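Here is the structure we will look at, set down as structure tokens.
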Number of protein chains: 2
Amino acid sequence: MVPRVSIVTLGVDDLDRAVRFYEAMGLTRHAGITDGVAFFQMGGIILSLFPRSELAKDAGIHPDGSGFSGVALAYNTRSQAEVDAVLEQAVAAGGTIVRPAGRAFWGGRTGYFADTEGHLWEVAHNPAFPIAADGTITLPA
Amino acid sequence: MVPRVSIVTLGVDDLDRAVRFYEAMGLTRHAGITDGVAFFQMGGIILSLFPRSELAKDAGIHPDGSGFSGVALAYNTRSQAEVDAVLEQAVAAGGTIVRPAGRAFWGGRTGYFADTEGHLWEVAHNPAFPIAADGTITLPA
């Protein structure tokens, strides 16, 4: 394994609802492959929305599951104000604030939202992790 | 929100065990920030391992959860043979094969492993999704 992540797939209960959420967040659904799945080009990786039951079937596991998924995605911002703006955008898009914006234990500003399917996103401003012009993020040297 | 994912955080029951797994997968732990967390630079994004209970606390939610997480990461390969090699590497590293390598419904070759903490990774060869020299992946035009 070399250091890359190709795709993050979020299992969804309602694909159309989830697509509307991510489109309202400002993302553009890939127009080419739309049959029972939604793809979003996210810089150098792909975000995929796929029915939860289909994802479980594809992996060959039981679809039941409840409570905390144990996974969070993070969207790092270029400013503190942008943390609040993205959280507000998530609410307007039909998501839920899980943790309101506030001071992070590591010193920056952070908050969490859940998408319409319950997946967690942290929205964080962390000046110690530089964001390049193309959106890629780098750990401190 | 602009199209990027900054960090994928996997909640872990045993941080040291999880670090050993990902190091055995060939990844390099960031040496600078190691206190209760592990970071891996994965191309333009960051993979983070963080105790599951701490992640729930950070998000302000209840840590309980069981069964299918509803999330899968994917590692796309440059060849079919590499799918098998990465799955074998995952077993050698202490992971579990969830779905053995075989033909994907979309035509390529795919398999799934779980890391030591139960997080799902699909390992897939999909020639329709080109992988650049730097590891970034692109949806078909």
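Taking N as the number of residues in the stretch B:52-125, what value does Rg over Cα atoms divided by 2.2 N^0.38 Å take? Walk me through the intermediate numbers first.
Working: Rg = 14.5 Å, N = 74, 2.2 N^0.38 = 11.3 Å.
Normalised Rg, Cα atoms only: 1.28.
With the full set of protein chains in place, find how many percent of the accessible area of the stretch A:86-141 is carbon and sulfur; take the probe as 1.4 Å.
Numbers: 1380 of 2430 Å².
Accessible surface attributable to carbon and sulfur in the stretch A:86-141 totals 57 percent.
Using the alpha-carbon centroid of each, what span in Å lies between the stretch A:100-122 and the stretch A:30-48?
For the stretch A:100-122 versus the stretch A:30-48, the Cα centre distance is 24 Å.
Per 0.36 nm of contour for each residue apart, how much would the distance between A:Ala128 and A:Ala24 grow if the chain were fully extended, relative to their Cα-Cα spacing?
On the way: separation 104, 0.36 × 104 = 37.44 nm, distance 2.92 nm.
Gain on stretching A:Ala128 to A:Ala24: 34.5 nm.
Roughly how many debye, to the nearest 20, is the charge dipole of the stretch B:1-111 about its Cα centre, given +1 on each Lys and Arg Cβ, -1 on each Asp and Glu Cβ, and no other charges?
Details: 10 positive and 11 negative charges, 86 e Å.
It comes to approximately 420 debye.
Exposed loop chymotrypsin sites (Phe, Trp or Tyr not before Pro) only (DSSP loop, at most 15 other Cβ atoms within 10 Å): please give the longest stretch of chain A free of them, not including the sites.
A:1-104
Report, in cubic angstrom per residue, the convex hull volume of the C-alpha atoms of chain B.
Values: hull volume 19.4 nm³, N = 141.
Roughly 138 Å³ of hull volume per residue.
Taking the Cβ of A:Ala93 as the center, what net charge do the other residues with Cβ under 13 Å away carry, scoring Lys and Arg +1 and Asp and Glu -1? Don't skip to the answer; put the middle values down first.
On the way: positive: A:Arg17, A:Arg20; negative: A:Glu23, A:Glu88, A:Asp115, A:Glu117.
Charge balance in the 13 Å sphere: -2.
Which one of A:Ala114, A:His125, A:Gly94 is farthest out on the positive end of the charge dipole of the stretch A:1-130, using unit charges on Cβ (Lys, Arg +1; Asp, Glu -1) and the Cα centre as origin?
A:His125
On average, how much accessible surface per residue is there in the protein assembly as shown, in Å², for a 1.4 Å probe, leaving out ligands, DNA and RNA? All intermediate terms of the calculation are to be shown ahead of the outcome.
Working: 11560 Å² over 282 residues.
Ligands and nucleic acids excluded, the figure is 41 Å² per residue.
First select every other residue whose beta carbon is under 10 angstrom from the beta carbon of B:Ala72; then total the charges, Lys and Arg +1, Asp and Glu -1.
Numbers: positive: none; negative: A:Asp58, B:Glu122.
Around B:Ala72, the surrounding residues sum to -2.
Over 24 Å apart: what share of the alpha carbon pairs of the protein assembly as shown falls there, rounded to a whole percent? Before the final figure, lay out the partial values.
Details: 18280 of 39621 pairs.
Here the tail beyond 24 Å accounts for 46 percent of pairs.
Roughly what % of DSSP beta bridges within chain B run antiparallel, to the nearest 5?
Values: 18 of 29 bridges.
Among the beta bridges of chain B, antiparallel pairing accounts for roughly 60 percent.
Less than 10 Å Cβ to Cβ from B:Leu10, Lys/Arg counted +1 and Asp/Glu -1: what total charge do the surrounding residues give?
Working: positive: B:Arg52; negative: B:Asp115, B:Glu117.
In short, -1.
In Å², nearest 100, what accessible area do chains A and B bury in total when the solvent probe is 1.4 Å? Let's see the in-between values first.
Values: alone 8810 and 8820 Å², together 11560 Å².
Roughly 6100 Å² of accessible surface disappears when A and B pair.
Could you list the trypsin sites (Lys or Arg not before Pro) in the stretch A:56-141 that lie in coil according to DSSP, counting only those with at most 15 other Cβ atoms within 10 Å of their Cβ? If you can, show how the numbers build up before the last one.
Numbers: sites: A:Lys57, A:Arg78, A:Arg103, A:Arg109; in loops: A:Arg78.
Within the stretch A:56-141, the qualifying trypsin sites (Lys or Arg not before Pro) (loop, at most 15 other Cβ atoms within 10 Å) are A:Arg78.
Taking a spot 7 Å from the Cα of A:Asp64 along the direction of its beta carbon, which residues of the stretch B:35-78 have an amide N less than 11 Å from it?
Within reach of a label on A:Asp64: B:67-68.
So which residues of the stretch B:91-140 lose at least 30 Å² of accessible area, probe 1.4 Å, when you go from the chain by itself to every protein chain present?
With the partner chains in place, the stretch B:91-140 has these residues losing at least 30 Å²: B:Val98, B:Arg99, B:Phe105, B:Tyr112, B:Phe129, B:Gly135, B:Ile137, B:Leu139, B:Pro140.
Please give the helix B:15-24 orientation as an angle from the longest Cα principal axis of chain B, in degrees from 0 to 90, rounded to the nearest 10.
That works out to roughly 30 degrees.
Tell me, which residues of the stretch B:1-29 get at least 50 Å² less accessible area when the other protein chains come in, versus the chain alone (1.4 Å probe)?
Hits at the 50 Å² cut-off: B:Met1, B:Pro3, B:Arg4, B:Val5, B:Ser6, B:Ile7.
List the residues of the stretch A:75-89 whose accessible area drops by at least 30 Å² when all protein chains are present, compared with their chain alone, using a 1.4 Å probe and counting only protein heavy atoms.
A:Tyr75, A:Asn76
The values are calculated or read from the model by the stated rules, or taken from the named source; none is laboratory data. Every value quoted in this text rests on a predicted model; they were computed, and no experiment measured them. Please note: Cβ atoms are built from the backbone with ideal geometry, for glycine as well, and neighbour counts cover all protein chains shown. Heads up: the accessible areas ignore ligands, DNA and RNA and are worked out on the full protein's heavy atoms, side chains in. Shrake-Rupley method; radii C 1.70, N 1.55, O 1.52, S 1.80 Å.
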